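Report on the following structure.
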Amino acid sequence: PVPPEALLLSHERSAEQRLGGTWTSIFHPANPVGRSPVLAVAAWYLALLGLGVLAFPLLFLCLDNLADRGWAVARAAGLLLAAWGAWMVSSLRLAPHTPALVWATVALLAVVAAAAGWHRREELRAWLRANRGLLLAEEALFLAIRLGTPDLWHPFFGGEKPMDLAYLNATLRTVSFPPYDPWFAGGQM
């Protein structure tokens with residue numbers, strides 16, 4: 001059994017977590033992306049597409065048995081690899097969890113993917129040319145599904161959006177992992 005005090009942040013970790021800043025220090029209120037829903041959706045789509053493009057050469061090599069060579073899961077894979085890298089570095093306390101750390105893991109993903117893609121660049125180019133229609137169909141399907149269900153909040157029964165937003169804020173503001181628990185004062189997730 002875990003003693004209850006094991007779930008609490010130490011005084012040092014609590015002070016460290018307060019250094020993570022506030023929502024407005026991370027996302028400036030005057031930023032046009034935060035003020036325009038259209039720009040926010042475009043930025044979200046382009047960020048996920050960029051992570052997917054970065055991860056695709058790795059998936060192309062690993063998922064050669066799939067018709068799309070992993071394009072449909074490339075966004076999730078890119079997001080997972082970038083987030084996991086930043087989480088591991090911060091969890092091992094090699095560096096604080098900052099936007100710079102996240103960008104560094106994205107840059108590392110880009111370097112590894114570029115090396116993997118360069119190794120089989122002719123095959124990758126030929127496959128992309130031959131399967132352009134499949135990729136465009138998958139993009140259209142992704143956009144149709146996402147635009148058809150833009151929100152996981154059910155209009156009558158509610159959902160977990162407040163809880164998800166609280167955990168997202170805690171993770172964005174944390175300096176090291178595990179982050180503080182937004183529902184348990186003085187606790188950690």
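The figures follow:
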quantity: Failed item in (1) within 26 Å of Val111 (Cβ to Cβ); (2) open to solvent by less than 70 Å² (accessible area, probe 1.4 Å); (3) not in a helix (DSSP H, G or I), with Gly20 passing the rest; calculated: (1)
quantity: Subset of the stretch 162-176 that is surrounded by fewer than 18 Cβ atoms within 10 Å (Cβ to Cβ) and without any contact (Cβ under 8 Å) to a residue 24 or more places away in the chain - its residue that is nearest to the chain's Cα centre (by Cα); calculated: Leu168
quantity: Subset of the stretch 177-189 that is of a type in the set (Phe, Trp, Tyr) and in a loop (DSSP other than H, G, I, E, B) - its residue that is least open to solvent (accessible area, probe 1.4 Å); calculated: Phe177
quantity: Lone unmet requirement of (1) closer than 24 Å to Trp118 by Cβ; (2) touching a strand residue (DSSP E or B) at 6+ places or on another chain (Cβ under 7 Å) for Leu9; calculated: (1)
quantity: Among the candidates Leu81, Leu92, residue that is out of contact with any Gly (no Cβ under 8 Å at 6 or more places or on another chain) and at pLDDT below 95; calculated: Leu92
quantity: Condition broken by Pro1, with the remaining ones in (1) at pLDDT 95 or above; (2) open to solvent by 80 Å² or more (accessible area, probe 1.4 Å) satisfied; calculated: (1)
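The values are calculated or read from the model by the stated rules, or taken from the named source; none is laboratory data. Small disclaimer: the values here were computed from a predicted structure and weren't measured. All Cβ positions, glycine included, derive from the backbone under ideal geometry; neighbour counts span all protein chains shown. When the accessible area is computed, the model is the full protein with side chains, heavy atoms only, and any ligands, DNA or RNA have been set aside. Shrake-Rupley method; radii C 1.70, N 1.55, O 1.52, S 1.80 Å.
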